[in-house]
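What follows draws every value from the coordinates through simple rules; no lab data is involved. Just so we're clear, the structure is a prediction, and the values are computed from it rather than from any experiment. Methodologically, a virtual Cβ is constructed for each residue, glycine included, from the backbone with ideal geometry; neighbour enumeration extends over all protein chains shown.
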Amino acid sequence: MTTCRTFPPASRVDLQLALDEFFAQKHATRRLGLNLPDHPGLEIGIGQLLGASVNLDIGPLQYDDVDVGEALPARCLRRALWLSTAEVAPLAVLVRSSGFSGMLALQVEIAVPGGEAGLKFSEQFFDTLEKDINKGRAYRGKVISLEGVSDHGGGRTGVVKGSPASPSLPPGCHTSRKNHSLT
């Protein structure tokens, strides 16, 4: 049985942190990089991985650097497959970027054995991920400037500043901005 959930691009770093924490608690975990040499832009699911219709290479993990206002950017996986075990049995988790209508979304797909135990585990897995993502750790306490900066694809993006807050902001802004998230 597989279940897939889509997350907005602004949660990418927090999603990576949540996945890293989840799998740090699992002992027998393998993380694999996936490359599609015949179709580099094609995004696949676990069902296609199990079938023989896709030419797939297991290769090195590929990361994107994401600016979070720190000295070093956060490293987020582009496409990866985790193989592990849980209380119910073996599990596989596939993370991939998916573009539609010019927007990039993040998809997480989990495969577990069918039945009530597998269904319950997959629901708990996504609940845990969403709770961790909603903590907003990657950008908490940072000033996000929405000034236009060109990205490499010709689009516009924002800039994250590492300072906790601008001293010129009114005192109430420091606490009130903590309660807003980017989505």
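Evaluate the distance, in nm, between pseudo-label points positioned 7 Å from the Cα of residue 4 and of residue 50 along their respective Cα→Cβ axes.
My value for the distance between the label points is 1.4 nm.
Fully extended, how many nm does the chain gain between residue 140 and residue 83 (0.36 nm per residue separation, minus their Cα-Cα distance)? Could the numbers behind the result be given before it?
Numbers: separation 57, 0.36 × 57 = 20.52 nm, distance 3.09 nm.
Separation in residues times 0.36 nm, less the Cα-Cα distance, equals 17.4 nm.
Round to the nearest 0.05 the FRET efficiency obtained for residue 117 and residue 65 when R0 = 30 Å and r is the Cβ-Cβ distance. Present the calculation step by step, with values, prior to reporting the outcome.
On the way: r = 39 Å, r/R0 = 1.29.
Step by step, r from the Cβ atoms, then E = 0.20.
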